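Before any comments, here is the structure.
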Protein chains: 2
Amino acid sequence: MSELAIRGVRITPVAVKDPPLLNSVGVHEPFALRAVIELDAGDGLVGLGEAYGDDPSLERLRRVAPALIGLDPFDRHELHRRTATALGEAPEDMPTDMIGPPSASKTLAATFAAFEVPALDLVGQAVGRPISDLLGGAVRAAVPYSGYLFYKWAGHPDGEPDGFGEALTPDGIVAQAKWLVDTHGFGSLKLKGGVFPPDEEIAAMHALRGAFPEHPLRIDPNTSWTVPTSIRVGTELAGVLEYLEDPTEGLAGMAEVARAVPMPLATNMCVTTFDDLPAAIEQKSVQVVLSDHHYWGGLHESVLLGGICRTFDLGLSMHSNTHLGISLAASTHLAAAVPNLSYACDTHIPWQVEDVIEPGVLRFVDGAVPVPASPGLGVTLDRDALAQLHEQYLTCGIRRRDDVGYMRTIEPSWAGTRPRF
Amino acid sequence: MSELAIRGVRITPVAVKDPPLLNSVGVHEPFALRAVIELDAGDGLVGLGEAYGDDPSLERLRRVAPALIGLDPFDRHELHRRTATALGEAPEDMPTDMIGPPSASKTLAATFAAFEVPALDLVGQAVGRPISDLLGGAVRAAVPYSGYLFYKWAGHPDGEPDGFGEALTPDGIVAQAKWLVDTHGFGSLKLKGGVFPPDEEIAAMHALRGAFPEHPLRIDPNTSWTVPTSIRVGTELAGVLEYLEDPTEGLAGMAEVARAVPMPLATNMCVTTFDDLPAAIEQKSVQVVLSDHHYWGGLHESVLLGGICRTFDLGLSMHSNTHLGISLAASTHLAAAVPNLSYACDTHIPWQVEDVIEPGVLRFVDGAVPVPASPGLGVTLDRDALAQLHEQYLTCGIRRRDDVGYMRTIEPSWAGTRPRF
């Protein structure tokens, strides 16, 4: 145990097929990028992680990797120090603006997080305990996730229908929700909004309420609305929404909306680093913070975020970008071990038809993922799948997520600016 | 590892000789009470803890103990649940009012903390790692402590001189400081104030500054001063104090003082639970929070407090009541693993001539305690000493700390009320 040390670091970018999911700035490209991280501790002990796979993120991971040789995976303070030193002055840069404005501290936190999870996977395997145990123990045997609804086309313009079907109307969204609930048992539903004029999305939420009278419902327009629009939508959806997510941009605007609408406001765009918390709390901008270990600095920092939310009487939920099974495992351990993470978590997993882990461990049972019981993350890399998805990465031509630019190839006049409504 | 479980709980009250240390409400009695907690996991594996030893605290520990049989020491959420369930409606009660007003949440946190530390000692021993590693790794090889100065008599009125000497004047305090610095190498000094009229204590601080021009200095009158007195003292000690600790009572009074004096205000009396933090931050009542794992809910909750202080740009230091080596080990692991716990920590240890642990592991080197490197806390119970100090407990006649009442046996007119000045 005292000899546990990182002896090698492998970073493998992968591309996974992604359906044309619409959002406030554009549409998902045909492939989403992720990086698979392996920390090798010798004797066959490998810690797994998953991070953003865009070129700038990859470059940062590769810059830090050599500095990790010899590191004790228990020593996350030293991991942080080495990450910060290797990065130098971290750039203000994130792979998507769907998670708020970039900042140097967020870049550092994301780079650190990419290695913290596989380090914990190593620790868990070395001591024979699931990561949830390392975080204080699972308070829930399975972690509820929400069914993530998207407006979407039947397929990418250049491709075949993807099999998920088109959803561009209230009826289409209800049909999609029925598929998600029937297939995975989700007990909460969230619509990615900001795509169509607000009245259409209000109609979609009322249609969902009619079809699912007991399901908590959320809508997330990703700051696509002005303050007046946000207040109007929030008012019209009184009694319908569990929470309203990022209706408008910035702490001041969110605070103004929060004072006027009857439901809590949630965010993964105006509170995305610890630096944002003091002002958000002072201004009462949000009532629910969406955690995401990928940019909040890993699992332990996410536990800290949970403790801060508990202390300041803020709700806690969980955000998702497109991800694979390694991150689903990490999110599940985390959410299991944070008592006040009591909202169903977001996940894109139902939209992914490809993965890098061996199937069977992670599954939805009544909309919840049972917490893996085996040591560490509890998931195993499927090396054939990894090789195939890396090959797909090499040939797909995408190196940085660009929902706006992709939409412009389809609608040349597309602005991709917010607020839209 | 997966079989790790608590099979037995032993709670042994002990009494240790204590010198007549003066404070704002009275004087330390001839014996101080502590409880030694042993969690037995079988196969000789025992986790050690140390907690308050007064009757009500002991009663609560004993009420919880049977509920811990079978508990997995990794599962601190379950430990908390069982503690809360066994306690039922926790009383508003603490063994001393030197740590702020009692509250139900503080009682629960203190009771939980008493078992969390030995549970972590078990985990550390089971995985072969010091507790500092379980908290993210030691960022400092040794933890600096401050030399804790007290006004004191030469001995208890009914007893022999204790050998520490009398200290009732500025010269006496300087002599005491020289002994502490010469003996242990302390690089910071703190005076327990609120004992004599403020001008005498101001003179003592100036005398310390003269004798120790480079040592950071603190004074802690335990809310013995009114707001105007606090402002006057703070103003007169401009440039002398590293921080001014709990000059006056309550968040509003502290905020008023903070606005008027040039040095940071520290507290272990108006911010002593997570419940206190939001108002303290909003009112800017304090600039430094003194952690204490005994009532902040254990080591992990103290790490959370550290994260909150980092997030809200508050300083972090550490408080001490009279304690023994088990708690010194716990405090040292904690302070080593919290990067922003950068102030020298308080400890009463130099005033204790008796202990329950085998000597040799914990020592002051240049005023700092090297972090124990062996698994868990890294200290071992001295069973003969434990038996002897338990026997002393049985015969000493003290069952609850009462600095006020003891002072009244000496000065019958003693009020023991605050503010005094």
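The values are calculated or read from the model by the stated rules, or taken from the named source; none is laboratory data. Not measured: the values here are computed from a predicted model. Don't worry about glycine lacking a Cβ; one is built from the backbone with ideal geometry, like all the others, and counts go over all protein chains shown. Accessible surface areas use protein heavy atoms only, side chains included; no ligands, DNA or RNA. Shrake-Rupley method; radii C 1.70, N 1.55, O 1.52, S 1.80 Å.
Scanning chain A for GluC sites (Glu not before Pro) lying in DSSP loops with no more than 16 further Cβ atoms inside 10 Å, the longest uninterrupted stretch between such sites is A:215-353.
Taking the label point 7 Å along Cα→Cβ, A:Arg363 and its counterparts in the other copies are spaced 6.0 nm apart, in ascending order.
Buried surface for the A/B pair, taken as the accessible area of each chain alone minus that of the pair with a 1.4 Å probe, is close to 2400 Å² in total. Provide the net charge surrounding A:Asp121, with neighbours chosen by a C-beta distance below 14 Å and charges set as Lys +1, Arg +1, Asp -1, Glu -1. Cβ neighbours under 14 Å give a net charge of -2.
Charging the Cβ of each Asp and Glu at -1 and of each Lys and Arg at +1, and nothing else, the dipole of the stretch A:209-352 about its Cα centre rounds to 240 debye. Please tell me the relative contact order of the stretch A:234-309 in percent, rounded to the nearest whole number, where contacts are Cα pairs under 8 Å and at least six residues apart. Value for the stretch A:234-309: 28 percent. Comparing B:Leu341, B:Leu39, B:Leu71 in a Gaussian network model of chain B, where Cα atoms under 10 Å apart are tied by springs, the biggest mean-square fluctuation is seen for B:Leu71. Distance from the axis that maps chain B onto chain A is least for the Cβ of the chain B residue given, with the whole Å value, as B:Val127, 2.
Proximity of backbone amide H atoms, modeled 1.01 Å from N, is registered between B:Phe31 and B:Asp18 at under 5 Å, excluding neighbours fewer than 5 places apart on the same chain. Given axes a ≥ b ≥ c from the Cα gyration tensor, I'd like to know whether the stretch A:123-279 is rounded (a/c under 1.5), prolate (a/b larger than b/c) or oblate. Judged from the Cα gyration tensor, the stretch A:123-279 comes out oblate (a/c at least 1.5, b/c at or above a/b). The mean sequence separation of alpha-carbon pairs under 8 Å and at least six residues apart, normalised by the residue count of the stretch B:144-251, gives a relative contact order of 24 percent. Measuring nothing but protein heavy atoms, the accessible surface of the stretch A:77-234 at 1.4 Å probe radius is 57 percent carbon and sulfur.
Charge tally for A:Thr248 (other residues, Cβ to Cβ under 13 Å; Lys, Arg +1; Asp, Glu -1): -1. In the assembly of identical copies, A:Arg400 has its label point, taken 7 Å from Cα in the direction of the beta carbon, separated from the corresponding points by 6.8 nm (ascending, one decimal).
A 1.4 Å probe run over the protein chains yields, for the stretch B:42-182, 35 Å² of accessible area per residue, whole-number rounding. Positive contributions from Lys and Arg (+1) and negative ones from Asp and Glu (-1), summed over other residues with Cβ under 14 Å from the Cβ of A:Ala279, come out at -4. With Cα atoms defining each centre, the stretch A:349-376 and the stretch A:79-125 are spaced 24 Å apart in the structure. Across the copies of the chain, B:Thr417 has label points (7 Å from Cα along Cα→Cβ) spaced 6.9 nm apart, shortest distance listed first. Computed about its Cα centre, the charge dipole of chain B is approximately 460 debye, with only Lys, Arg, Asp and Glu carrying charge at their Cβ. Would you mind classifying the protein assembly as shown by shape? Square roots of the alpha carbon gyration tensor eigenvalues, ordered a ≥ b ≥ c; an a/c under 1.5 is rounded, otherwise it is prolate if a/b is larger than b/c and oblate if not. Here the protein assembly as shown falls in the prolate category. Peptide A:126-139 has a mean of 5 when you count, residue by residue, the C-beta atoms of other protein chains within 10 Å of its C-beta. Averaging sequence separations of C-alpha pairs under 8 Å and six or more residues apart, then dividing by the length of chain B, give the relative contact order as a whole percent. With pairs under 8 Å counted, the relative contact order is 23 percent.
Dipole check for the protein assembly as shown: with +1 at the C-beta of Lys and Arg, -1 at the C-beta of Asp and Glu, and the Cα centre as origin, the magnitude is about 360 Debye. Centre-to-centre separation between the Cα atoms of the stretch B:223-259 and those of the stretch A:204-260: 47 Å. For the stretch A:276-309 and the stretch A:1-51, what is the separation of their C-alpha centers, rounded to whole Å? After rounding, the separation between the Cα centres reads 24 Å. For A:Asp93, nonlocal amide neighbours, meaning residues 5 or more places apart or on other chains whose placed amide H falls under 5 Å from its own, are A:Ser103, A:Thr107. Among A:Gly416, A:Thr272, A:Thr322, whose Cα projects farthest towards the positive end of the dipole of the stretch A:270-421, with charges put on the beta-carbon of Lys, Arg (+1) and Asp, Glu (-1)? Result: A:Gly416, furthest along the dipole toward the positive end.
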